[in-house]
Amino acid sequence: MTRAHNRRANELRPVTIERGYTKRAAGSVRITCGDTIVLCTACFEPGVPPWRKDQGLGWVTAEYDMLPSATHTRRNRNRSKIDGRTQEIQRLIGRSLRSVVDMSALGENSILIDCDVLQADGGTRTASITGAYVALCDAIRTARRDKLVQGSPVREPVAAVSVGVVKGRVLLDLDYSEDVAAAVDMNVVMTGGGRFIEVQGTGEEATFSQSELDRLLRAAKRGIKQLVTAQEKALRRRQ
């Protein structure tokens, strides 16, 4: 099987993480995974939602959307009401980031994440999580510089990747053509320490065995380890 970017079955697409992509947000990242491109921004705001007040805890939430031209055929903008897929993805991004943030250390402050897909070729939700983590770290760095937060509320990295079974083979980091052909499709979110946050796996008109599940998770763990390394390298670079 020939894969795009001349990849092996257990190989990620080429990944780039560009920090400081926009000037106004406290944290902003342009992440590319193959031909998928996502702009992730993080804004720091004093205060929390009303239901969170007077608890001494912060809040992290996320929104996600695709530009109309991100896919092969133009899609309508989500204006008055977001569709179910978009809602599910942005909730996943928010859950993933909250799992690695110490809300008491954040204090009664909020970090608002926006993930906008500029170009889609599979794995937009996983790329969003991976890029949003770096944008989150930069937003917290900005808040610490401005003495709005003391210490670092981030406990450890978080990243995500897709895996699947395509024509009987376990593949890492599916692009769109592989995703639509997959008999089994899975998105895996993990911490840098190797703990699972979320596993979304589905047999597409197929079933999968325990051994296949184990192989899928091993492939995902391998890919996420590499993504965490890419995040760490990006955060070490000066802007």
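Some notes on this structure:
- Check on Asp54, more than 14 Å from the chain's Cα centre (by Cα) and under 15 Å from Asp175 (Cα atoms): no
- A Cβ distance below 9 Å, combined with a sequence gap of six or more or placement on separate chains, defines the contacts here; from the range 122-134, residues that are closer than 12 Å to Leu92 by Cα and without any contact (Cβ under 8 Å) to a residue 24 or more places away in the chain reach no residue that is buried (at least 24 other Cβ atoms within 10 Å of the Cβ) and β-branched (Val, Ile, Thr).
- Among (1) at pLDDT below 95; (2) within 16 Å of Ala42 (Cβ to Cβ) - the single one Thr73 does not satisfy: (2)
- Only a single criterion out of (1) within 30 Å of Arg215 (Cα to Cα); (2) without any contact (Cβ under 8 Å) to a residue 40 or more places away in the chain; (3) assigned to a loop (DSSP other than H, G, I, E, B) is not satisfied by His5, namely (3).
- Residue identified as closer than 24 Å to Thr124 by Cβ, surrounded by 13 or more Cβ atoms within 10 Å (Cβ to Cβ) and not basic (Lys, Arg) among Gly107, Gly94, Gly84, Gly58: Gly94
- Any chance Val188 is over 14 Å from the mean Cα position of the chain (by Cα) and either crowded, with 23+ Cβ neighbours inside 10 Å or aromatic (Phe, Trp, Tyr) (or both): no
The values are calculated or read from the model by the stated rules, or taken from the named source; none is laboratory data. All of these numbers come straight from a predicted model, not from anything done at the bench. Heads up, the Cβs are rebuilt from the backbone with ideal geometry, glycines too, and the neighbour counts pull from every protein chain shown.
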